[in-house]
Amino acid sequence: MTPDRKSRVRLAAGCRLGQNNHQQVLLMPERALRLNGPSLEIVQRCDGIHSVQQIILELQQIYSQADPEKVESDILGYLTLLNDQRALDFE
Amino acid sequence: MTLPLNNPLALIVELTHRCPLHCVYCSNPLELANRSEELPTKIWSQVFQQAAQLGVLQVDFTGGEPLTRPDILDLILSARTAGLYVNLITSGMPLDQARLAKLIEAGLDHLQLSFQGAREQTAQEISDTKSHAHKLRVLEWLKKVRVAVTLNFVIHRRNIDQIEEMLQIAESSSATRIEFANVQYYGWAFANRENLLPTRAQLDRSLEVIKSAETRLRGKIRIESVVPDYYAKYPKPCMGGWGRKLMLITPSGDALPCHAAKIIPDLHFANVKQASLREIWNNSEAFQKFRGESWMQDPCKSCDRRTIDFGGCRCQALLLAGDPAATDPVCTLSPKRRKIDTLLANLNAPLGAQLAPATEAALIKPTWLYRPNPA
């Protein structure tokens, strides 16, 4: 199910950014995901303020060399994955 | 062992073996630690610092019942200050609403609440304590606070037919994660094994119910389930491999590669009072014992799956094959697999004029060995 683009994205309760040995990670119950490059840029914007659409626009600007449609579909896929994992909520 | 060693990612901390429940499947060893042996706050704080320096990301506060520690708030604060993500594995029994608020204020990230069944009667039979109603109250309090919540339903023959009811409890709570954790047979669970193993029909049905719930609840609740490995074709990669991902510290400070490791004879375990976590992880006898492949027997040592499941579980190999270096007998490639097959065949045998095992089990209350509360 594709998320509503106007919805704001927020990390779920008990899910937060952390780091160890200079590696950025997303910490959640009994799991940790390594964050690098695009995944880090996306998760940093899951602040309850950015909407799905805003995240897409900002990342398309950062990764201006990449095909904007691919950036969009990658972001939607990644946000859906994190939502399925219950690491974030759409509000 | 010349391969580069990965650092541990999680630290399982058995703060105490004291507990208000007496569950018949408890993962604590049969020899429970006395209160007098428990490490003080100060030593645990040092352990958390060492863990973070070693690269550990998460700590699991467990026990027994970790909330029986009067210093639990200091421990949570200390773990967060060290930079660790804090999971609390609890029965919820010592909680009240005010205490819950204080745990979260101290920095608790995730609370995992255990359930012994979907009904008071089952919970009472399994834990020998009236406990279910209190857990439902805890769920109500959890709705009013912001913390990650997992409901852990420990599954076995006596409650595997209650999965739909368990889902109802979870769905009317604020939990975003459910674990359906089929009992693993060590310690107290091994002693009570004959009464805990589900039938194949029960297991198959439960998997259907869970699979359908996973789809229905996608985006709302994440479901994880662990099947009883006696019914599997290949063994589980126990703990992610011996000494590869996790480290467990007992209430008295012994460092173990897993919950049950103390049953392995002639193995010495280092203690955090005498050695640093780094020394223990890198060099201790217990952690080195089953790393790499040199200890493997046939068929493991030439098997393609050895990098996937590492030959299964050492403790289970000891319990079922008498040798901790043997292939885990749940593996269909193990020469000892027949033993498990016989056990399962007897459990699942059609009984003709007699009742099917599931029905019989539902009617007759088994004789249990209850886990006591240590001094």
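The values are calculated or read from the model by the stated rules, or taken from the named source; none is laboratory data. Everything numeric here is computed off the predicted structure, so don't read it as measured data. Heads up, the Cβs are rebuilt from the backbone with ideal geometry, glycines too, and the neighbour counts pull from every protein chain shown.
Of these, B:Gln50, B:Gln46, B:Gln58, B:Gln97, which one is of a type outside the set (A, V, I, L, M, F, W, C) and closer than 17 Å to B:His259 by Cβ?
From the options B:Gln50, B:Gln46, B:Gln58, B:Gln97, the qualifying one is B:Gln58.
Report the residue count in the range B:175-223 for those that are of a type in the set (Gly, Ala, Ser), more than 14 Å from chain A (Cβ to nearest Cβ) and free of Cβ contacts under 8 Å to residues at least 24 places away in the same chain.
Total satisfying the criteria: 1.
Let's see how each residue does on (1) buried (at least 22 other Cβ atoms within 10 Å of the Cβ); (2) in contact (Cβ under 8 Å) with a residue 12 or more places away in the chain; (3) in contact with a strand residue (DSSP E or B) (Cβ under 6 Å, 6 or more places away or on another chain); (4) assigned to a loop (DSSP other than H, G, I, E, B):
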| site | (1), (2), (3), (4) |
| --- | --- |
| B:Thr122 | no, yes, no, no |
| B:Leu136 | no, yes, no, no |
| B:Arg146 | no, yes, no, yes |
| B:Val154 | yes, yes, yes, no |
| B:Glu164 | no, yes, no, no |
| B:Ser173 | no, yes, no, yes |
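Have a look at B:Pro66, B:Pro29 and point out the one that is closer than 26 Å to B:Phe287 by Cβ and buried (at least 22 other Cβ atoms within 10 Å of the Cβ).
B:Pro66
A quick yes/no check of all residues on (1) surrounded by 14 or more Cβ atoms within 10 Å (Cβ to Cβ); (2) at pLDDT 95 or above; (3) within 24 Å of B:Leu108 (Cα to Cα); (4) among the polar types (S, T, N, Q):
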| residue | (1), (2), (3), (4) |
| --- | --- |
| A:Arg10 | yes, yes, yes, no |
| A:Ala13 | yes, yes, yes, no |
| A:His22 | no, no, yes, no |
| A:Arg31 | yes, no, yes, no |
| A:Glu41 | yes, yes, no, no |
| A:His50 | yes, yes, no, no |
| A:Gln54 | yes, yes, no, yes |
| A:Leu59 | yes, yes, no, no |
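With the requirement that a residue be basic (Lys, Arg) and in contact with a Leu (Cβ under 9 Å, 6 or more places away or on another chain), what does the range B:186-215 give you?
B:Arg193, B:Arg200, listed by residue number.
Quick check, is B:Val272 within 26 Å of B:Phe180 (Cα to Cα), in contact (Cβ under 8 Å) with a residue 40 or more places away in the chain and of a type in the set (Val, Ile, Thr)? Step through it out loud before you land on a result.
Details: within 26 Å of B:Phe180 (Cα to Cα): no; in contact (Cβ under 8 Å) with a residue 40 or more places away in the chain: yes; of a type in the set (Val, Ile, Thr): yes.
Spelling it out, it is not the case that B:Val272 is within 26 Å of B:Phe180 (Cα to Cα), in contact (Cβ under 8 Å) with a residue 40 or more places away in the chain and of a type in the set (Val, Ile, Thr).
Restricting to the range B:142-166, what's the tally of residues that are touching a helix residue (DSSP H, G or I) at 6+ places or on another chain (Cβ under 9 Å) and either more than 14 Å from chain A (Cβ to nearest Cβ) or modelled with pLDDT under 95 (or both)? Write out each step before concluding.
From the range B:142-166, those touching a helix residue (DSSP H, G or I) at 6+ places or on another chain (Cβ under 9 Å) are B:142, B:144-147, B:149, B:151, B:153-164; that's our starting set.
Next cut, either more than 14 Å from chain A (Cβ to nearest Cβ) or modelled with pLDDT under 95 (or both) only: B:153-164.
Residues flagged as touching a helix residue (DSSP H, G or I) at 6+ places or on another chain (Cβ under 9 Å) and either more than 14 Å from chain A (Cβ to nearest Cβ) or modelled with pLDDT under 95 (or both) within the range B:142-166 amount to 12.
Considering each residue of the range A:27-77, count those that are away from chain B (no Cβ under 14 Å) and outside any helix (DSSP H, G or I), and give that number.
Looking only at that region, the number is 13.
Which number in (1) in contact with a helix residue (DSSP H, G or I) (Cβ under 8 Å, 6 or more places away or on another chain); (2) facing chain B (nearest Cβ under 9 Å); (3) touching a residue at least 40 places away in the same chain (Cβ under 8 Å) marks the one condition that A:Cys15 misses?
(1)
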